[in-house]
Amino acid sequence: MVNYTPKNLQVKNKISDLENFISNYSSAIIAYSGGIDSSLVSYISNKVLGKENTLVVIAVSPSLNKKEYSLAIGLAKRNNWKFRPIFTEEFKNDNYLKNDLNRCFFCKYELYEKLEEIYEKENYEVIFNGTNFDDLSDIRPGIDAAKKKNIVSPLVNCKISKNEIRKIAKQIGLPNWDKPAQPCLSSRVPHGVRISMDVLNKIEKSENYLSDLGFLNFRVRAHGDLAKIEVTKDDYNKFSDFETREKIVKNFKIFGFKFVSLDLLFFNSGSLSRSQFNEK
């Protein structure tokens, strides 16, 4: 039982808002990724609706890092959620593979169509996603897909921001409350460059390698044969060590890249998409 103080009263109110909103439904499917947003929606839905009335579903595809998938499964099992992986087929859609500015729309639309099949067949009342209030001011083609499929976003309806989500998640004891956002691997490929299994495989291996070295918040962006590494200000000085640089370059070449560079500006989530939208 949480003992609330004046300092976390706002957190209590946001939790109450979210619980009250979700309680309007009798059963729900959650579009779950393992990220903190959908984890919070999954946690509260299971608490309010009951585990028997809540189905947590994760989409499995080549664009999902297998390490992220394992972490997502671990969290679901730890909380005893009713959990189901489904295999999505966006790689059969050329509109997705050509990787234009609306790539995310086709990915999310494919996901929501799969969830809609479960929703209709198993008589769930609603499909929730983890879109948060801050996402509305960002470039998110997937939100259009959610609107077309009548997907409900509890965090948006309750006007809960990313920062508030982390505070709530920490308060209720979710272990991934401070987990950095991890968009799909395809987001590391510049728009207009075709998505392929080969490039996603190189990105996945490279990012997992940096993660194993202790980097927490970063991206490996694929520009043809060049891997461009983006890290936070705190991690930038790690590259001053020649041995570290040498190991990274050696392994990235094993993974399939020919050249490796370090972005002179610090990591900024979504910077690739925003720059290309602005150029349009």
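Structure notes:
- Packing-based exposure ordering (other Cβ within 10 Å, fewest first) of F266, F257, F87, F21: F87, F266, F21, F257
- Within region 120-201, GluC sites (Glu not before Pro) in DSSP loop having at most 12 other beta-carbon neighbours inside 10 Å: E122
- Restricting the calculation to Cα atoms, the chain yields a radius of gyration followed by a Dmax of 19.5, 59 Å.
- I165 sits among other residues whose Cβ lies under 12 Å from its own Cβ, and their net charge, with Lys and Arg +1 and Asp and Glu -1, is +2.
- Dipole check for region 1-160: with +1 at the C-beta of Lys and Arg, -1 at the C-beta of Asp and Glu, and the Cα centre as origin, the magnitude is about 560 Debye.
- Loop-located GluC sites (Glu not before Pro) in region 20-102 (DSSP state other than H, G, I, E, B) with a sparse environment of at most 16 neighbouring Cβ atoms within 10 Å: E89.
- Region 185-279, relative contact order [Cα under 8 Å, separation at least 6], %: 31 percent
- The HN-Hα couplings worked out from phi for region 45-52 by the Karplus form 6.51 cos²θ - 1.76 cosθ + 1.60 (θ = phi - 60°) are 4, 5, 5, 7, 8, x, 5, 6 Hz, whole numbers, x standing for Gly and Pro.
- Value at 222 nm in deg cm²/dmol, rounded to 500, when DSSP H runs of n ≥ 4 in the chain each add -39,500 (n - 2.57): -14000 deg cm²/dmol
- Neighbours of F267 by Cβ distance under 9 Å: Lys/Arg scored +1, Asp/Glu scored -1, total -1.
- For the pair I73 and K148 in one chain, pulling the backbone fully straight at 0.36 nm per residue adds 24.2 nm over the alpha carbon distance.
- If R0 equals 51 Å, the separation of the Cβ atoms of V249 and K159 corresponds to a calculated FRET efficiency of about 0.65.
- Choice from P141, P175, P183 with maximal GNM fluctuation in the chain (Cα, 10 Å cutoff): P175
- Violating pairs (Cα-Cα greater than 21 angstrom) within the set K51/K77; K108/K233; K14/K233: K108/K233; K14/K233
- Across K92/K167; K238/K258; K98/K167, pairs whose alpha-carbon gap is larger than 28 Å: K92/K167; K98/K167
- At R0 = 30 Å, FRET efficiency that the Cβ-Cβ distance of K238 and Q10 yields, to 0.05: 0.25
- Sorted by Cβ density within 10 Å, fewest first, the residues H191, H223: H223, H191
- Here is the list for region 141-170: trypsin sites (Lys or Arg not before Pro) lying in DSSP coil, each with at most 14 other C-beta atoms within 10 angstrom of its C-beta, are K159.
- Ranked for footprinting exposure by Cβ neighbours inside 10 Å, fewest first, R140, R84 give R84, R140.
- Normalising the average separation of contacting C-alpha pairs (under 8 angstrom, six or more residues apart) by the number of residues puts the relative contact order of the chain at 18 percent.
- Other residues whose C-beta falls under 11 angstrom from the C-beta of L216 contribute a net charge of -2, scoring Lys and Arg +1 and Asp and Glu -1.
- Each label was represented as a point 7 Å from its Cα along the Cα-to-Cβ direction; for H223 and D198 these points are 2.0 nm apart.
No value in this document is a laboratory result; all are computed from the given coordinates. Here the structure is a predicted model, which is why all the values come from computation and not from measurement. Don't worry about glycine lacking a Cβ; one is built from the backbone with ideal geometry, like all the others, and counts go over all protein chains shown.
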